[in-house]
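The values are calculated or read from the model by the stated rules, or taken from the named source; none is laboratory data. If you're wondering where the values come from, they're calculated on a predicted model, not measured in any experiment. No Cβ is skipped: glycine too gets one built from the backbone with ideal geometry, and neighbour counts run over all protein chains shown.
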């Protein structure tokens, strides 16, 4: 495949290293990492190159995104071809994972996609394995940055089903299937949330 299919998301260059630093601490040392909603694939390529002991399985419902992901990850032996996977679907093509990673999906998709992510991860993950989400989340009792408020208004203007989500809403939806999320603050008012599969 040529690199002509590569898409570019400008924010990736700014956030990939802080995310990688957190992932080094929360991902298993070895195993398969299923990335849901991989988008351009730039994150996947960066993480896979830095974490060669892990096998990355990117996925996205959009064919152009999958082609971009495969192009960015070309030559990386620890990255599988991108799967056609819709987080909200009742069935996923992935059959197992040691961690599930989802970056910047919850706020640019209907809430049903995040609920589907929780259901799908619950089916795949073994006990104590992490579901990791990254993005601009709201927290009760914590002031939201003005830039995040502006972003939320912009998203809701584009699609009323989009917008920043609350950590507490995610925790409630996870119920007893996942432990309460570990919250890791990252630059640019973003959070990394780590939910571990309960027994």
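Observations
- Single residue of 131, 155, 115, 186 found to be surrounded by 19 or more Cβ atoms within 10 Å (Cβ to Cβ) and in contact (Cβ under 8 Å) with a residue 24 or more places away in the chain: 131
- Boolean, residue 177 is at pLDDT 95 or above and more than 18 Å from residue 25 (Cβ to Cβ): yes
- Residues of the range 48-60 that are outside any loop (DSSP other than H, G, I, E, B) and crowded, with 18+ Cβ neighbours inside 10 Å: 48, 54, 55, 56, 57, 59.
- Filter pass, residue 63 being closer than 26 Å to residue 162 by Cα, at pLDDT 95 or above, surrounded by fewer than 19 Cβ atoms within 10 Å (Cβ to Cβ) and touching a strand residue (DSSP E or B) at 6+ places or on another chain (Cβ under 7 Å): no
- Among residues of the range 89-107, those that are in contact with a helix residue (DSSP H, G or I) (Cβ under 7 Å, 6 or more places away or on another chain), surrounded by fewer than 17 Cβ atoms within 10 Å (Cβ to Cβ) and either modelled with pLDDT under 95 or closer than 26 Å to residue 180 by Cβ (or both), counted: 1
- Residue match in the range 11-19 (condition: modelled with pLDDT under 95, surrounded by 18 or more Cβ atoms within 10 Å (Cβ to Cβ) and either touching a helix residue (DSSP H, G or I) at 6+ places or on another chain (Cβ under 8 Å) or outside any helix (DSSP H, G or I) (or both)): yes
- Residues that are over 13 Å from the mean Cα position of the chain (by Cα) and in a helix (DSSP H, G or I), drawn from the range 23-45: 24, 25, 26, 45
- For beta carbons closer than 6 Å, sequence separation of 6+ or different chains, a first residue in the range 37-50 that is in contact (Cβ under 8 Å) with a residue 60 or more places away in the chain and a second that is in a loop (DSSP other than H, G, I, E, B) and surrounded by fewer than 22 Cβ atoms within 10 Å (Cβ to Cβ), the qualifying pairs are 37/105.
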